[in-house]
Amino acid sequence: MTNLAFPDTPVFRGYAAPVRIEGDVHDLEVIGTIPAGMNGDYIRNSADHQYPPMFEDDLFLNGDGMLHRVRIANGRASLKTRYVETEKLKLERAAGRALFGRYRNQFTDDPSVAGVDRGTANTSVVWHGGKLLALKEAARPMAIDRETLATIGSYDFDGALKSQTFTAHPKVDPATGEMVAYGYFVDGVADTAVEIYFIAADGTLTRTERFHAPYASMIHDCLLSEQYIAFTICPMVCDWDRVQAGEAFFHWDDTRPTTVAVVPRAPGGGGNVRWFDSPTPVMQTHTFNAWEEGSLLHLEHFITQTGWLSQFPDINNPGTREQPPFAYRWTIDLESNTGGFIAEKMFPHIGEMPMIDLRHATTKTRHFWFGTSNTDLGPMLPFGPKGPPFTCIGHFDADSGALDYYYAGPDSSPEEPVFVPRSPDASEGDGWLVTIVGRRAENRTDLVILDALNLSAGPVATIRFPTRVHEGFHGIWIPG
Ligand code: V55
Ligand code: FE
């Protein structure tokens with residue numbers, strides 16, 4: 001029997017409910033003035049279940065990739081929303097129901113789709129070498145037409161990509177235009193091989209490097225400096241026996257260590273990995289940046305003292321509550337052989353969904369932006385499937401130590417911010433921050449433009465959508 005109703009769970013209820021509308025809105029309402037010279041596309045990805053899931057307790061991470069684009073030109077803005085047409089979406093639409101089961105677990109699928117690409121392309125987008133790619137770490141990229149958001153298809157870099165997985169968090173080196181990406185579970189699910197892909201500015205995949213992690217776990221993000229790529233291996237473990245037995249795809253196992261793999265970007269780097277252990281098992285959520293200073297390598301990222309327990313269980317300490325992320329700078333001395341690092345909290349305030357002025361990625365940056373909540377400015381919002389929604393965007397100035405906040409207002413929840421430089425050669429941080437803001441009480445969404453170095457001044461412009469778009473993950477700005 002076909003289930004045509006979404007379950008009444010936090011993943012499918014209220015502001016988190018699937019939206020499923022593909023369409024265009026021309027000339028969105030604008031309150032204030034879109035800055036002159038701000039022309040381009042803000043594009044981001046979200047997980048928007050097309051069909052009620054096969055299993056009621058499905059995770060929000062398992063939704064279908066739905067792209068949202070706000071095109072800004074000459075003070076006007078338009079919205080386009082479109083699903084990524086994965087093999088999964090096409091087959092499910094033909095059947096009129098979900099055929100793919102639990103998050104990354106093919107054993108739970110309808111037998112009719114055995115062996116089919118399970119990718120959902122729901123996490124992020126990247127623009128590189130003139131191609132727009134929608135990404136999910138469990139599958140290959142999906143190529144997308146930037147104008148229409150139509151899906152071109154699964155993308156393997158003209159045959160150069162041999163493995164089946166590609167991170168949702170590739171890094172582009174602004175000095176060279178090279179994109180450095182990687183896959184984990186490249187030889188099969190729950191395998192320890194990690195493959196690094198080097199993709200030249202023109203989009204050619206020129207080289208791969210490979211190493212093995214100490215155990216199989218989620219490697220969601222990475223850190224790129226001028227000479228190194230670093231991975232924080234956290235005990236968000238995938239155990240194939242547990243997956244086959246129908247347990248969660250990942251579980252937190254704090255008997256395993258958190259350790260950093262530092263891999264030279266130079267040819268042969270995969271054979272020259274150095275390891276630096278964390279004194280306690282912690283989890284990296286998302287990264288700001290990495291940079292070198294003499295023999296020191298600085299890694300700047302959000303860290304939690306627990307696993308991602310709202311989504312995946314702690315197998316040793318049932319009932320443990322997920323702890324919030326704080327920004328840390330981990331400093332590794334590559335000339336010492338201590339095998340450890342120094343950890344410093346960057347600022348005393350929780351946050352997640354970090355952003356920098358990406359023109360300065362791989363080198364020391366001064367300005368850091370992030371989603372957060374701040375009860376001095378407004379109350380916390382009711383928990384959704386991801387935990388507490390943000391109420392604020394924060395800015396940390398590492399030179400002055402100052403923190404500044406944009407509070408989005410009652411029942412309003414900003415999402416990941418993206419930085420837009422005022423001009424190609426503007427100084428670091430001189431420009432705007434764009435962020436989607438959920439207007440929860442109105443069941444509607446806005447795109448807000450802020451002065452990146454003066455968040456507390458409030459919006460320069462608010463671009464109003466007449467409808468809600470689904471909460472998302474990661475976005476980009478592509479200059480017009
Ligand atoms: C994350 C998101 C994912 C996923 C694994 O933010 C990790 C972390 C949206 O999908 O599959
Ligand atoms: Fe992410």
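The values are calculated or read from the model by the stated rules, or taken from the named source; none is laboratory data. This is a predicted model, so every value here is computed, not measured. Backbone-built Cβ (ideal geometry, glycine too); neighbour counts: all protein chains shown.
Which ones in region 70-86 are of a type in the set (A, V, I, L, M) and more than 16 Å from ligand 1 (Cβ to nearest atom)?
Within region 70-86, Val70, Ile72, Ala73, Ala77, Leu79 meet the criteria.
Let's see how each residue does on (1) within 25 Å of Ala143 (Cα to Cα); (2) among the aliphatic types (A, V, I, L, M); (3) surrounded by fewer than 17 Cβ atoms within 10 Å (Cβ to Cβ):
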position	(1), (2), (3)
Asp202	yes, no, yes
Pro214	no, no, yes
Ile219	yes, yes, no
Glu226	no, no, yes
Met236	no, yes, no
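Can you report the number of residues in region 1-26 which are under 18 Å from Arg82 (Cα atoms) and either under 24 Å from the mean Cα position of the chain (by Cα) or exposed (fewer than 15 other Cβ atoms within 10 Å of the Cβ) (or both)?
Going residue by residue through region 1-26, those that are under 18 Å from Arg82 (Cα atoms) are 16-26.
Next, from what is left, pick out any that are either under 24 Å from the mean Cα position of the chain (by Cα) or exposed (fewer than 15 other Cβ atoms within 10 Å of the Cβ) (or both): 16-24, 26.
So the answer is 10.
Working only within region 40-70, note down all residues that are closer than 18 Å to Asp446 by Cα and among the polar types (S, T, N, Q).
If the condition is that a residue be closer than 18 Å to Asp446 by Cα and among the polar types (S, T, N, Q), then Asn45, Ser46 are the ones that fit.
Do any strands (runs of 3 or more DSSP E) entirely within region 62-143 hold 2 or more residues that are more than 16 Å from ligand 2 (Cβ to nearest atom) and hydroxyl-bearing (Ser, Thr, Tyr), and if so, which? Even if it seems obvious, please write down each step before you answer.
Details: elements: 65-73, 76-83, 124-128, 131-135.
Result: 76-83.
Just a yes or no: is a residue in region 35-43 crowded, with 18+ Cβ neighbours inside 10 Å, part of a loop (DSSP other than H, G, I, E, B), more than 16 Å from ligand 2 (Cβ to nearest atom) and touching a residue at least 12 places away in the same chain (Cβ under 8 Å)?
yes
Could you tell me which residue of region 386-400 is surrounded by the most Cβ atoms within 10 Å (Cβ to Cβ), considering only residues that are in a strand (DSSP E or B) and of a type outside the set (Gly, Ala, Ser)?
Out of the qualifying residues, it is Ile393.
How many residues does region 425-458 contain that are assigned to a loop (DSSP other than H, G, I, E, B) and either in contact with a Lys or Arg (Cβ under 8 Å, 6 or more places away or on another chain) or crowded, with 22+ Cβ neighbours inside 10 Å (or both)?
Of the residues in that region, 5 qualify.
Please verify whether region 273-285 includes one or more residues that are in a loop (DSSP other than H, G, I, E, B) and either charged (D, E, K, R) or on the phi > 0 side of the Ramachandran plot (or both).
No, region 273-285 contains no residue that is in a loop (DSSP other than H, G, I, E, B) and either charged (D, E, K, R) or on the phi > 0 side of the Ramachandran plot (or both).
Here are the criteria: (1) within 14 Å of ligand 1 (Cβ to nearest atom); (2) farther than 30 Å from Asp24 by Cα; (3) crowded, with 22+ Cβ neighbours inside 10 Å. Tell me which single one Val194 does not satisfy.
Checking Val194 against (1) within 14 Å of ligand 1 (Cβ to nearest atom); (2) farther than 30 Å from Asp24 by Cα; (3) crowded, with 22+ Cβ neighbours inside 10 Å, the one that fails is (1).
Just to be sure before I move on: is Ser112 farther than 18 Å from Tyr42 by Cα and surrounded by fewer than 16 Cβ atoms within 10 Å (Cβ to Cβ) in the structure I sent?
Working: farther than 18 Å from Tyr42 by Cα: yes; surrounded by fewer than 16 Cβ atoms within 10 Å (Cβ to Cβ): yes.
It is true that Ser112 is farther than 18 Å from Tyr42 by Cα and surrounded by fewer than 16 Cβ atoms within 10 Å (Cβ to Cβ).
Tell me which residues, restricted to region 383-402, are at pLDDT 95 or above and farther than 19 Å from Lys364 by Cβ.
Once the filter is applied, which keeps residues that are at pLDDT 95 or above and farther than 19 Å from Lys364 by Cβ, region 383-402 yields Pro389, Phe390, Thr391, Cys392, Ile393, Gly394.
Return the only residue of Leu59, Leu89, Leu67, Leu99 being of a type outside the set (Asp, Glu), closer than 19 Å to Gly246 by Cα, modelled with pLDDT of 95 or more and within 16 Å of ligand 1 (Cβ to nearest atom).
Every option except Leu59 fails the conditions.
Identify all residues within region 277-305 that are touching a residue at least 40 places away in the same chain (Cβ under 8 Å), more than 16 Å from ligand 2 (Cβ to nearest atom) and either of a type in the set (D, E, K, R) or in contact with a strand residue (DSSP E or B) (Cβ under 7 Å, 6 or more places away or on another chain) (or both); write none if there are none.
Asp277, Ser278, Val282, Ala290, Trp291, Glu292, Glu293, Ser295, Leu297, His298, Leu299 - these are the residues of region 277-305 that are touching a residue at least 40 places away in the same chain (Cβ under 8 Å), more than 16 Å from ligand 2 (Cβ to nearest atom) and either of a type in the set (D, E, K, R) or in contact with a strand residue (DSSP E or B) (Cβ under 7 Å, 6 or more places away or on another chain) (or both).
Determine whether Pro257 is away from ligand 2 (no atom under 16 Å from the Cβ) and either under 17 Å from Gln305 (Cβ atoms) or part of a helix (DSSP H, G or I) (or both).
yes
Restricting to strands (runs of 3 or more DSSP E) lying wholly in region 177-249: which have 1 or more residues that are within 19 Å of the chain's Cα centre (by Cα) and not aromatic (Phe, Trp, Tyr)? So that I can check it myself, show each step before the final result.
Working: elements: 179-184, 193-199, 205-212, 228-233.
Answer list for region 177-249: 179-184, 193-199, 228-233.
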